[in-house]
Structure formats: C-alpha cells, structure tokens
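The values are calculated or read from the model by the stated rules, or taken from the named source; none is laboratory data. Since we're looking at a predicted model, the values are computed, not measured. Quick reminder, even Gly has a Cβ in these numbers, built from the backbone with ideal geometry, and neighbours come from all protein chains shown.
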Amino acid sequence: MHSIKWLPPIRRRHLPVSNQPSKRGILVVGSINSDWVVPLTRMPLGGETLEASPIQYYAGGKGANQAVAAARMGAGVRLMGRVGDDRHGQQQLEALNQEGILTSLVGVDDKCSTGTAIILVEPQGQNRILLIPGANHALQPAWLASHDDVFQKAELMLVQLELPNEVVEQALHLANEHGAQVLLDPAPVRPLPETWKGVVTYLTPNLIELAGLTQEPLDAKSPTGQIHQAALKLCRQGFAKTVITKMGERGALMTTLKDSYHCAAPKVQAVDSTAAGDCFNGVFAAMLLEGCSDREAMKWAVRAASLSVTIQGAQPSMPHKAMLKVSGAGSV
C-alpha cells in the first residue's frame, strides 16, 4: 500500500497585477491546440451526412485555455508545453504572448504538427470533441526534470490529461518536491495511477469524468448527494485532498473528507461550453493565489465559467476580471 503524505496548506498571497510571475506564481503544464469548431443544427446519425455551418478556428488546448483564464484574472502565469513547427503553432504562441503569459518553455517540435481539437457544437452549446494530440505528446519527462527550477517558482501547478501519463506524473512529483499545490484536471478521463495518490490538492472532474473515475452511474440529473458520495470515494482513496465536481448549469460541488459545499450557477443562454471547465480551473487557481478561500475562489470560478459559455470559442470566451466584477462575482 502506498503511503499518502499531504502537502502543507497553501500560502496565500497577492500576485502583482502586472501579469508577470512573482517568486511563486502559477505554472501550467499542459496542452496547446488549434481548435476547429463546427457548429451543427444537431448531431448526425450513424451513416448520415449532415450539412454544417462554416468551420471556425480558435486557439485552444486545455493547458493554454487554463493559462489564459488565469492570466485574465491578473495572475502571473508560465506555460510549459509543445507546439509543432507550423502556422498553427506560431499562431498559438502569438496569442499566448499577447495575454502576457510566459512561453519560454513552450518548445517547437519539427517532427510533429500542433495538436488539433475538432469540436462539434450543438445550438444549445453542448459539444463533442475529437482530439489529435500532435506535438503535445512529444513532451518528455526528462525535459521537465531538466527545468526543475521552474517548479521551484510555482506556488500552484495546473496540469491536465491531454499529456501522456508519464509526463503528468513527472510534473506532479516535481511540484510535490518543491511544495507547490497541484490542481489536476482529469480530462480526457482515464484511470488514475496509484503513484499519483497523495500529491494532488484539487481534482476537478466534470460529471462524466467523475463517473469514469469512480465507476458510479452518474449523469446530469444525479442528486447532489450521490455526486458527493462518488467524489468522497476519490478523497478516501487518496487521489485528492479536495474534489471539485463541475456540474455545468448546476454549478460546482466541492467535496472533502470533512464536508461538501455546492455553488449554484447563474442562469445564462449557452452557445458554446467547450472551454467552461478550463475557465473554471484557471480562475479558481488565480483567485486562490489572490488570497481567496477555497469556497470564495469557487464562487468566482463558477461565475466565470457561466459567463464563458455565452461566448463562442475557447480562449475568446475567457472573461477578464473586470467583467466578473461588473456581474457581481465577488459578492456571490
């Protein structure tokens, strides 16, 4: 049996508004993709050909999206990842640099194309995504280890499963070694290795991912109590200190070994939910570093994610902090 050692509580501090990382800021180890969005009137049936609206191109990838979400809240952010030596990769880097995100550790791979996500979007904003990893899977554990100093500067690290398991594991243990808090987005969902126990502070599945991780029969209509029990199973197994289940229009549910807390989402007219979960994670991390409690940070994140689904595209949908202040997020 693996022993579980939890990290000490996060050191709260305010980050400079300049968007440049303080001594200990946010490090995102994650994917960078070109999103090809196809709006549909409905999903085609098997064997059916269905005419679609013109394809739209956006900067995306879970890692890049979360980095942008955090940066727009005023956090200092550094991104570690890979793009291909192609037009799409150059466009992603330019977009990230314009957000004030440090991209010196985003490598350009001349053997792989930039990762691509083909996103089918229905009128109500629901989406289905096909992922082509490309250069994201060229990231190597040894390369992360050679940049150990970057993990020393991180107070909170965000990572997702659009990277190979061995890369995620290296990132988790480097963050653990240097005392950084870890926010793991288990998407796309797959079983979590036993060696990841005790190193994740916040695990943030959506309902589909929580069902996949726990083998519980969950869906959008599952009672909050049932969702809490499934998340509690992951806490008890040591996969996270806190599980935050993202429940779409129902908001989010925070589960720990001691209690649970549900934050409802405001009613909005959704057009594209592609990056709502990424928006949640980036904003949650940024507000933690600004000094918010877990519950306060979750309120900001739920409001931000709700606003993001009213805007087409992944990174274009990430709200700036001023937009949330106007909408009253800080007082929810």
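How many residues are of a type in the set (S, T, N, Q) and surrounded by fewer than 16 Cβ atoms within 10 Å (Cβ to Cβ) if we restrict to the stretch 230-250?
Within the stretch 230-250, residues that are of a type in the set (S, T, N, Q) and surrounded by fewer than 16 Cβ atoms within 10 Å (Cβ to Cβ) number 1.
Could you give me the residue pairs with C-beta distances under 7 Å whose first residue belongs to the stretch 273-296 and is under 19 Å from G25 (Cβ atoms) and in a helix (DSSP H, G or I), whose second residue is at pLDDT below 95 and among the basic types (K, R) wherever it lies, and which are 6+ apart or on separate chains?
Correct list of pairs: L289/R13.
Within the stretch 211-230, can you find the residues that are within 18 Å of V302 (Cα to Cα) and either of a type outside the set (A, V, I, L, M) or at pLDDT 95 or above (or both)?
Answer for the stretch 211-230, where residues must be within 18 Å of V302 (Cα to Cα) and either of a type outside the set (A, V, I, L, M) or at pLDDT 95 or above (or both): T224, I227, H228.
Give the residues of the stretch 19-76 that are more than 20 Å from P319 (Cα to Cα) and of a type in the set (F, W, Y), sorted by residue number.
W36
Within the stretch 187-222, can you find the residues that are aliphatic (A, V, I, L, M), within 20 Å of G282 (Cα to Cα) and not in a helix (DSSP H, G or I)?
Passing the criteria: A187, V189, V199, V200, L203.
To keep it simple, each residue is scored yes or no on (1) within 14 Å of the chain's Cα centre (by Cα); (2) at pLDDT 95 or above.
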residue	(1), (2)
K233	no, yes
T242	no, yes
T255	no, yes
A276	yes, yes
F284	yes, yes
A297	no, yes
A329	no, no
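Quick check on the stretch 251-266. Is at least one of its residues assigned to a helix (DSSP H, G or I) and surrounded by fewer than 17 Cβ atoms within 10 Å (Cβ to Cβ)?
Taking every residue of the stretch 251-266 in turn, none turns out to be assigned to a helix (DSSP H, G or I) and surrounded by fewer than 17 Cβ atoms within 10 Å (Cβ to Cβ).
Does A187 qualify as being under 18 Å from S260 (Cα atoms) and surrounded by 15 or more Cβ atoms within 10 Å (Cβ to Cβ)?
No.
Could you check the stretch 43-124 for strands (runs of 3 or more DSSP E) lying wholly inside it with 2 or more residues that are surrounded by fewer than 22 Cβ atoms within 10 Å (Cβ to Cβ) and either among the hydrophobic types (A, V, I, L, M, F, W, C) or under 17 Å from the mean Cα position of the chain (by Cα) (or both)?
Once the strands (runs of 3 or more DSSP E) in the stretch 43-124 are filtered for at least 2 residues that are surrounded by fewer than 22 Cβ atoms within 10 Å (Cβ to Cβ) and either among the hydrophobic types (A, V, I, L, M, F, W, C) or under 17 Å from the mean Cα position of the chain (by Cα) (or both), what remains is 102-109, 115-121.
Here are some residues: Q181, Q140, Q152. Which one is over 30 Å from W36 (Cβ atoms) and free of Cβ contacts under 8 Å to residues at least 40 places away in the same chain?
Q152
Please give the number of the condition A135 fails out of (1) surrounded by 23 or more Cβ atoms within 10 Å (Cβ to Cβ); (2) closer than 21 Å to A69 by Cα.
With respect to (1) surrounded by 23 or more Cβ atoms within 10 Å (Cβ to Cβ); (2) closer than 21 Å to A69 by Cα, A135 is out only on (2).
Could you pull out the residue among K197, K153 that is at pLDDT below 95 and either surrounded by fewer than 22 Cβ atoms within 10 Å (Cβ to Cβ) or within 16 Å of the chain's Cα centre (by Cα) (or both)?
K153
Give me a count of the residues in the stretch 237-251 that are in contact (Cβ under 8 Å) with a residue 60 or more places away in the chain and at negative phi.
1
Is the stretch 212-227 home to any residue that is over 23 Å from S308 (Cβ atoms), of a type in the set (A, V, I, L, M) and within 16 Å of the chain's Cα centre (by Cα)?
no
Suppose the filter is more than 12 Å from M247 (Cβ to Cβ), within 21 Å of the chain's Cα centre (by Cα) and surrounded by 17 or more Cβ atoms within 10 Å (Cβ to Cβ); does L207 pass it?
Answer is no for this residue.
T195 - would you say it is among the polar types (S, T, N, Q) and in contact (Cβ under 8 Å) with a residue 24 or more places away in the chain?
yes
For residues that are hydrophobic (A, V, I, L, M, F, W, C) and assigned to a strand (DSSP E or B), scanning just the stretch 23-42, find the one that is surrounded by the fewest Cβ atoms within 10 Å (Cβ to Cβ).
Result: V38.
On the given criteria, is N176 within 30 Å of S53 (Cβ to Cβ) and part of a helix (DSSP H, G or I)?
Considered against the rule, which asks whether it is within 30 Å of S53 (Cβ to Cβ) and part of a helix (DSSP H, G or I), N176 comes out as no.
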